[in-house]
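Read through the structure below, which is laid out as structure tokens, and then see the notes.
The values are calculated or read from the model by the stated rules, or taken from the named source; none is laboratory data. Everything numeric here is computed off the predicted structure, so don't read it as measured data. Using ideal geometry, Cβ is built from the backbone for each residue, glycine included, and neighbour counts are taken over all protein chains shown.
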Amino acid sequence: MPRTKVALVTGAGSGIGRAAAIELARNGFAVGLLGRTPSELEDVAKLMRDFGAEVETLDADISQEDQMSAAVSRLVERFGRLDAVVANASINGTWAPIEDITAEEWDETIAINLRGTYLTLRFTVPHLKSGDGGSIVVVSSINGTRTFTSPGATAYSASKAAQLAMVQQLALELGRHRIRINAVCPGAIETNIDDSTTKRAEEETAIPVVWPEGQVPLTGGEPGRAEDVAHLIAFLVSDASSHITGSPIWIDGGQGLLR
């Protein structure tokens with residue numbers, strides 16, 4: 001009997017990470033829920049256990065090397081393997097004119113979004129290599145990959161562009177190990193990521209966009225759902241996407257084309 005596949009999802013306590021973890025569990029994965037807020041992780045874990053999923057909660061800050069090493073080791077010790085990684089955790093950080101962003105604010109965004117992605121891959125790839133290969137999905141953004149009009153989002157856009165560069169570089173490096181890696185690039189999605197956003201002096205950097213029905217043409221201006229992104233992630237870690245690697249996939253209802 002085939003063993004249950006195992007996935008790690010970072011930022012799994014809310015938003016896209018939460019939706020992805022639930023979707024992967026419904027598709028038969030055992031899931032490691034990694035995040036910085038244990039109460040959120042436990043809420044998601046309880047919901048998943050109620051429908052029979054195997055779950056491990058992992059309290060860790062993705063920017064901290066020792067915490068990530070310990071978390072990944074704990075997951076693999078629990079389930080004995082690792083097949084899929086969803087590097088989702090990130091913050092919006094500070095959006096402000098470039099001369100107004102402090103070095104500390106810049107460093108915080110890069111530490112979570114870029115260093116955190118690096119550390120996630122640094123500690124998970126060896127386990128994917130030692131198994132039967134697998135799939136990595138990095139949650140990037142339309143910002144920095146398709147659009148550049150969010151006021152003051154220089155640090156955020158730079159981190160998201162760098163994530164895509166990592167994906168494309170690693171697609172070649174990891175291909176020989178039967179590991180696929182792709183980027184999903186959401187536009188406006190109903191999540192609580194705005195809670196991690198500090199905005200200053202928007203009027204100095206804003207680029208107006210005029211559209212009769214808002215900024216998302218496909219939905220009359222309404223943002224997408226976290227579940228929409230979760231469905232795409234589930235596809236990318238499944239055998240149905242077995243020949244897709246190194247690809248950015250924008251999921252924004254046409255928003256990036258408008259902006």
Quiz item: Out of all the residues in region 23-55, which are buried (at least 16 other Cβ atoms within 10 Å of the Cβ), in a helix (DSSP H, G or I), touching a residue at least 24 places away in the same chain (Cβ under 8 Å) and of a type in the set (A, V, I, L, M)?
Solution: LEU24, ALA25, LEU41, VAL44, MET48
Quiz item: If you scan region 56-70, which residues turn out to be in a loop (DSSP other than H, G, I, E, B) and within 16 Å of the chain's Cα centre (by Cα)?
Solution: ALA60, ASP61, ILE62, SER63
Self-check item: Cross-chain or 6+ apart pairs with Cβ under 8 Å, region 230-246 first and surrounded by fewer than 16 Cβ atoms within 10 Å (Cβ to Cβ), then basic (Lys, Arg)
Solution: SER242/ARG180; ILE244/ARG180
Practice problem: Specify which of the listed residues (SER73, SER39, SER14) is under 25 Å from GLY133 (Cβ atoms) and among the hydroxyl-bearing types (Ser, Thr, Tyr). | Solution: SER73
Quiz item: Any residue at all in region 3-16 that is without any contact (Cβ under 8 Å) to a residue 40 or more places away in the chain, closer than 15 Å to ASP83 by Cα and in a strand (DSSP E or B)?
Solution: no
Exercise. May I ask you to list the residues in region 89-133 that are in contact (Cβ under 8 Å) with a residue 60 or more places away in the chain and either in contact with a helix residue (DSSP H, G or I) (Cβ under 6 Å, 6 or more places away or on another chain) or not in a helix (DSSP H, G or I) (or both)?
Key: ALA89, SER90, ILE91, ASN92, GLY93, THR94, TRP95, ALA96, PRO97, ASP100, THR124
Quiz item: Looking at (1) farther than 26 Å from LEU24 by Cβ; (2) at pLDDT below 95, can you tell me which one THR102 breaks?
Solution: (2)
Exercise. Those residues that are among the hydroxyl-bearing types (Ser, Thr, Tyr) and within 24 Å of SER63 (Cα to Cα), I need them from region 1-29; list them, please.
Key: THR10, SER14
Practice problem: Tell me, please, whether a residue that is of a type in the set (Gly, Ala, Ser), surrounded by fewer than 20 Cβ atoms within 10 Å (Cβ to Cβ), within 15 Å of the chain's Cα centre (by Cα) and at pLDDT below 95 can be found in region 176-193. | Solution: yes
